[in-house]
Amino acid sequence: MVAIVNKAPRQLGVKAMLEAYVAHQREVVTHRTQYDLEKAEDRAHVLEGLVKALNLLDAVIDTIKASKNRQDAQNNLVAKFEFSERQADAILTLQLYRLTNLEINSLQKEHAETMKKINQLRGILNNPKKLMGVIKDELGEIRGKFGIDRRSVIQGEVEELKVNLEVTVPAEEVLVTLSRHGYVKRTSMLSFTRSGGDLGSTGLKEGDQLRWSLQLNTLDSLLLFTQKGMYYQLPVHQISEFKWKENGTAIVNLIALPKDDRIMAVIPVKAGEWKTLADQGEQGPALVFVTKRGQVKRTLMAEYATNRSAAIAAVKVADGDEVRSAFRSDSPQEILLVTEQGLSIRIQEADVSLQGRVAGGVRGIQLREGDAVTDGLHVSGDEGEILVISDYGFAKRSLLLDYPPQGRGGKGIQTFEIKEGKRVRPNGTRLVAAYYVKDDIGIVTVTAGGAYGEFRSDSTPLEDRRGTGRTVGAIERTDPLVETFLKPLPPQTH
């Protein structure tokens, strides 16, 4: 539990909690005993004065009778008999019936008992063992008065209690969207349909853009991977529900995503799939990661099963490196790495051996100085094209057939020729994205100034690997492209 200890909040376990309570009780009993001791010493002092006065009763009475008033009587008693002011005041308030022999004996007896109590209280304050004994005795009294028998049984082995998610969460088909600026929402298919069934009509803040759109079930989960190599598991039913026209909630309200990190891949996991993945062993699907420095890592997806909501390491990322691509691979195929300087390498996925979850991977491509990987693509066979886009908005497609497989860790081959110089029209300084295209897709572009654009893959020219591409938008050199992503597809209708 969280408790205030020494004027500061602390999270305490059982032992620390008991230690803090005992320390508090030690302080309470000490202050209480000091208070009782001061009262007892005051009472003993008064009793000593009364007993002394009764032994000098006639002289005390004569002194009082000869005094002018009460204050004069008090002063005379202090001066003549060396009583303290406290004792003299008690003598003057003494009732006459207390002058009997019986009352005199009673005062003497009370004085003896008070002195005994004073010795006991001083013993408690001077001896820590006696102080702890008082605390133990009082706790024993509380236990005897309020204690009840233990309601739970301590066992060496406890049967695991599993609550089926279907019992607590109603299964429902929903649409989950995540914007580029990190706003997420869960929307019922009914709300989406009633709003026109158009992805472009969703609620977004000004300057934001829809990044991911996934048709899921409330029993499913999402794996959210970040550039710094961390991941979060987010159950769909924990995502706040909003109407289609509403903005949603910031993702940081659901996961503890740092300001200097960002989500770069979202992979859904169907309800109950973790059990299947665990049963498949090394024959099961894997997650593949590609980093900016050309590292490639492949890990069984089953290793990412978790019940935690906090950030968990997905891949070891070195200083100055970051994850550029992460995808699910249900069976080993091929991986195509594309660099910013227009080089690429096609390697066999099976050449990247399976590693543990927090491993850093192996070298996929040998980079030139100043170069970096811009993307990692999952490809297979000879069907389809490789589409690349430069920061000046030049794009082109080339046949996957023109990219022969190579050994892992090679220097690669050219996939885009960057043109620079006074006599030629510059087509960019680096590649910002690459896509494996089999069908016509929509691609959204983002400039450094936050301006959005859009084009279709079929509108780009089909050239050889060394092609220079053609512009797909009015991109100014002073405001180059820094990011692109696939335009989200509408959900399937049943």
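The values are calculated or read from the model by the stated rules, or taken from the named source; none is laboratory data. Owing to the predicted nature of the structure, the values given are computational and were not obtained by experimental measurement. We place every Cβ from the backbone using ideal geometry, glycine too, and count neighbours over all the protein chains shown.
Values computed for the structure shown
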{"item": "Residues that are aliphatic (A, V, I, L, M) and within 16 Å of residue 46 (Cα to Cα), drawn from region 61-108", "result": "77, 78, 88, 90, 91, 92, 94, 99, 104, 107"}
{"item": "From the options 183, 97, residue that is closer than 30 Å to residue 223 by Cβ and aromatic (Phe, Trp, Tyr)", "result": "183"}
{"item": "Criterion (farther than 26 Å from residue 104 by Cβ and either assigned to a helix (DSSP H, G or I) or modelled with pLDDT of 95 or more (or both)) met by exactly one of 41, 27", "result": "27"}
{"item": "Selected residue [touching a Lys or Arg at 6+ places or on another chain (Cβ under 8 Å) and either surrounded by fewer than 18 Cβ atoms within 10 Å (Cβ to Cβ) or of a type in the set (S, T, N, Q) (or both)] from 466, 408, 425", "result": "425"}
{"item": "Flag if residue 17 is hydrophobic (A, V, I, L, M, F, W, C), loosely packed, with under 12 Cβ neighbours inside 10 Å and in contact (Cβ under 8 Å) with a residue 12 or more places away in the chain", "result": "no"}
{"item": "So residue 201, is it surrounded by 10 or more Cβ atoms within 10 Å (Cβ to Cβ), more than 30 Å from residue 482 (Cβ to Cβ) and of a type in the set (S, T, N, Q)", "result": "no"}
{"item": "Of the criteria (1) without any contact (Cβ under 8 Å) to a residue 12 or more places away in the chain; (2) farther than 30 Å from residue 94 by Cβ, which one residue 29 fails", "result": "(1)"}
{"item": "Residue count for region 240-296, restricted to those that are over 30 Å from residue 366 (Cβ atoms), in a loop (DSSP other than H, G, I, E, B) and either touching an Asp or Glu at 6+ places or on another chain (Cβ under 9 Å) or not aliphatic (A, V, I, L, M) (or both)", "result": "14"}
{"item": "Residues within region 333-359 that are buried (at least 16 other Cβ atoms within 10 Å of the Cβ) and either over 14 Å from residue 413 (Cβ atoms) or over 36 Å from the mean Cα position of the chain (by Cα) (or both), tallied", "result": "16"}
{"item": "Residue list for region 77-95, restricted to those being within 12 Å of residue 64 (Cβ to Cβ) and either part of a helix (DSSP H, G or I) or in contact with a Phe, Trp or Tyr (Cβ under 8 Å, 6 or more places away or on another chain) (or both)", "result": "77, 80, 81, 88, 91, 92"}
{"item": "Selection within region 451-463 - of a type outside the set (Ser, Thr, Tyr), surrounded by fewer than 16 Cβ atoms within 10 Å (Cβ to Cβ) and touching a residue at least 40 places away in the same chain (Cβ under 8 Å)", "result": "461, 462"}
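Yes or no, residue by residue, for (1) assigned to a loop (DSSP other than H, G, I, E, B); (2) within 26 Å of residue 224 (Cβ to Cβ):
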site	(1), (2)
299	no, yes
310	yes, yes
328	no, yes
347	no, no
383	yes, no
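Okay, residues lined up against (1) assigned by TED's automatic domain parsing to the domain that holds residue 477; (2) in contact with a Ser or Thr (Cβ under 7 Å, 6 or more places away or on another chain); (3) not aromatic (Phe, Trp, Tyr):
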site: 387; (1), (2), (3): yes, yes, yes
site: 396; (1), (2), (3): yes, yes, yes
site: 422; (1), (2), (3): yes, no, yes
site: 436; (1), (2), (3): yes, no, no
site: 443; (1), (2), (3): yes, yes, yes
site: 451; (1), (2), (3): yes, no, yes
site: 457; (1), (2), (3): yes, no, yes
